[in-house]
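This report concerns only the one structure given below.
The values are calculated or read from the model by the stated rules, or taken from the named source; none is laboratory data. Quick caveat, the model's predicted, so the values are computed rather than measured. Cβ placement follows ideal geometry from the backbone for every residue including glycine, while neighbour counts extend to all protein chains displayed. Remember, those area values only see protein heavy atoms, side chains included, never the ligands or the DNA or RNA. Shrake-Rupley method; radii C 1.70, N 1.55, O 1.52, S 1.80 Å.
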Amino acid sequence: QVQLVESGGGLVQAGGSLRLSCAASGRTFSSYAMGWFRQAPGKEREFVATINWDGGNRYYADSVKGRFTISRDYAKNTVYLQMNSLKPEDTAVYYCAARPRIAVVATTNYEYWGQGTQVTVSS
């Protein structure tokens, strides 16, 4: 069982930055791939970024490539999403998710989810 708690969301102007954090409980954090997803009002949840269990592979949605960076800290059992050059279209609830070992982009392949944190980017 893995419990995930996101934090770091908020209101920011276009062009600004935010760093989201996702703290994971349990002693098996190091064996899980971690992902970030987002859901805007009236839209389906979509993939943002993911990182392998060993930090070796990272994948990003085309819409955030070059602006967002996913990373993980094994000592703190935490995964981060650094978001730079934010745009109004990045406004959404951001969710952290976990699945065993291998990073994938499909939402349905993740077993554990956090409660989400709101990110609002004003123009």
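Below are the figures for this structure:
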{"item": "Condition met for Gly35 (open to solvent by less than 40 Å² (accessible area, probe 1.4 Å) and within 18 Å of Glu6 (Cα to Cα))", "result": "yes"}
{"item": "Failed item, numbered, when Pro41 is tested on (1) open to solvent by less than 40 Å² (accessible area, probe 1.4 Å); (2) within 23 Å of Thr120 (Cα to Cα); (3) of a type outside the set (Phe, Trp, Tyr); (4) modelled with pLDDT under 95", "result": "(1)"}
{"item": "Any hit, the stretch 53-72, residues being touching a Leu at 6+ places or on another chain (Cβ under 7 Å) and more than 19 Å from Ser122 (Cβ to Cβ)", "result": "yes"}
{"item": "Pairs with Cβ under 9 Å, 6+ apart, first in the stretch 10-34 and closer than 26 Å to Ser85 by Cβ, second assigned to a strand (DSSP E or B) and among the acidic types (Asp, Glu)", "result": "Leu20/Glu6; Ser21/Glu6; Cys22/Glu6; Ala23/Glu6"}
{"item": "Exclusive hit being more than 19 Å from Ala106 (Cα to Cα), open to solvent by 30 Å² or more (accessible area, probe 1.4 Å) and out of contact with any Asp or Glu (no Cβ under 7 Å at 6 or more places or on another chain), set Ser63, Ser17", "result": "Ser17"}
{"item": "Residue ranges of strands (runs of 3 or more DSSP E) in the stretch 53-123 with at least 1 members among the charged types (D, E, K, R), without any contact (Cβ under 8 Å) to a residue 24 or more places away in the chain and over 19 Å from Ala40 (Cβ atoms)", "result": "68-73"}
{"item": "Qualifying positions in the stretch 66-90 - more than 11 Å from the chain's Cα centre (by Cα) and surrounded by 20 or more Cβ atoms within 10 Å (Cβ to Cβ)", "result": "Leu86, Asp90"}
{"item": "Of all residues in the stretch 1-15 being of a type outside the set (Gly, Ala, Ser) and part of a loop (DSSP other than H, G, I, E, B), the one that is farthest from Ser71 (Cα to Cα)", "result": "Gln1"}
{"item": "Selection from the stretch 16-48 of residues that are small (Gly, Ala, Ser) and in a strand (DSSP E or B)", "result": "Ser21, Ala23, Ala24, Ala33, Gly35"}
{"item": "Every residue from the stretch 56-78 that is small (Gly, Ala, Ser) and either touching a Phe, Trp or Tyr at 6+ places or on another chain (Cβ under 8 Å) or under 18 Å from Leu18 (Cα atoms) (or both)", "result": "Ala61, Ser63, Gly66, Ser71"}
